[in-house]
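The values are calculated or read from the model by the stated rules, or taken from the named source; none is laboratory data. Since the model is a prediction, treat every value here as computed from it, not as a measurement. Note: ideal-geometry Cβ built from the backbone for every residue, glycine included; neighbour counts use all protein chains shown.
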Amino acid sequence: MVFRALVTDRPVGGGVASRVESVDESRLPQGDVLVSVEWTGLNYKDALCLAGQGGLVKTYPHVGGIDFAGRVIESGDARYHPGQAVLLTGWRVGELTWGGFAQRARVKADWLVPLPKRFSSRTAMMLGTAGLAAMLAVNRLQAQGVKAGDGEVLVTGAAGGVGSIAVLLLARLGYRVVAGTGRTERAELLTRLGASRIVGRDELLAGSGKVLGKEIWAGAIDNVGGPLLGEVLKGVRRGGAVAAVGNAGGRNWDASVIPFILRGISLCGIDTVMQPYEARVAAWDRLTTLFVPAAFEPVLTEAGLEDLPGLADRMLKGEVAGRVIVNPRDPST
Ligand SMILES: NC(=O)c1ccc[n+]([C@@H]2O[C@H](COP(=O)([O-])OP(=O)(O)OC[C@H]3O[C@@H](n4cnc5c(N)ncnc54)[C@H](OP(=O)(O)O)[C@@H]3O)[C@@H](O)[C@H]2O)c1
């Protein structure tokens, strides 16, 4: 059986290049479950892999795609049967092994979760890894005691995938959400997702040069990292918490213990990749109760495999907004 896949390879001249190819099923990696991929998504990490950045992909030729949803074709594991709807995020699929940028994927049964009953494969990939990250971040803020009514909760990188889903989820839970973005032209869409006000990235970065700022945020979900996270921490109210999800804006910042020891704030890391099965199922279950697909359609882009290299370049420049979902079928059929 031959299927379409976006194959990334290292051309002779250097760098990496990706193109859609017909791939024989025998080339798929080993695994217990063969899946027909119906939808996959473009995440920041996918963009890094497609650009050959970050040292995430170790062997070529490679098929990326860190998340996908589809149906089981064959299973050597009793937990899954042909025809069953499944989804996958993380486990370094699409980095260390072939992923979802193809019509077929073969993976370990342990990496899959059953598709939640209330979601289609398309809805699941509207969320994808980004949605799981946003849900885990919201859960973490709540576990730290950040409640709706405590004050404003900031989401940085709000126009991106994780950011826009986090805005929607927090708003659905009754939080007063502030969208932090470098693209204030997205203000109307972010307001429609539930943001009560917009704050520019430059304003967040400006800071005062002091180790503490005004107490503004009851909590924050940070997708940007780097110096911006450093400034956010200075503005968190006493007892508040920040969920650190991403590093689209950098890794390092000038850190000080002062916000932690004078205001008792918490900084919580979010990792979607190695989440155990039970935690994934619980997070997806909660997403089925909170996510409103119709509200998210305006910030969604549908693309094909052939569009991914160009979209990845734009994503790394911070030019892609919302979520990109990808149907791997041949667009001419
Ligand atoms: N921890 C985990 O398990 C996990 C899971 C998923 C994603 N992530 C990480 O979370 C981050 C967001 O992922 P995503 O898929 O949502 O990506 P995305 O859609 O590209 O969103 C990233 C957003 O960050 C902002 N941004 C981009 N470049 C920036 C820069 N140079 N300086 C400051 N802000 C910048 C932009 O928001 P504005 O236009 O609004 O400013 C952009 O939309 C990435 O770092 C990703 O690796 C982590």
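Table for the structure above
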item: Residue, surrounded by the fewest Cβ atoms within 10 Å (Cβ to Cβ), within the stretch 82-101, restricted to residues that are under 19 Å from the mean Cα position of the chain (by Cα) and not in a loop (DSSP other than H, G, I, E, B); result: Thr97
item: Qualifying position, being out of contact with any Ser or Thr (no Cβ under 6 Å at 6 or more places or on another chain), under 30 Å from Gln275 (Cα atoms), hydrophobic (A, V, I, L, M, F, W, C) and within 15 Å of the ligand (Cβ to nearest atom), among Ala134, Ala187, Ala218; result: Ala134
item: Evaluation of Leu204 against (1) assigned to a loop (DSSP other than H, G, I, E, B); (2) surrounded by 21 or more Cβ atoms within 10 Å (Cβ to Cβ); (3) not charged (D, E, K, R) (one fails), failing number; result: (1)
item: Hits in the stretch 206-229 (condition: in contact with an Asp or Glu (Cβ under 6 Å, 6 or more places away or on another chain) and either without any contact (Cβ under 8 Å) to a residue 60 or more places away in the chain or not assigned by TED's automatic domain parsing to the domain that holds Gly163 (or both)); result: Gly207
item: Tally, over the stretch 242-268, of residues that are within 16 Å of the ligand (Cβ to nearest atom) and either under 20 Å from Val178 (Cα atoms) or not assigned by TED's automatic domain parsing to the domain that holds Val153 (or both); result: 10
item: Failed criterion for Arg79 (all others in (1) within 22 Å of the chain's Cα centre (by Cα); (2) in a loop (DSSP other than H, G, I, E, B); (3) basic (Lys, Arg) hold); result: (1)
item: Options Gly31, Gly54; residue that is under 19 Å from the mean Cα position of the chain (by Cα) and in a loop (DSSP other than H, G, I, E, B); result: Gly54
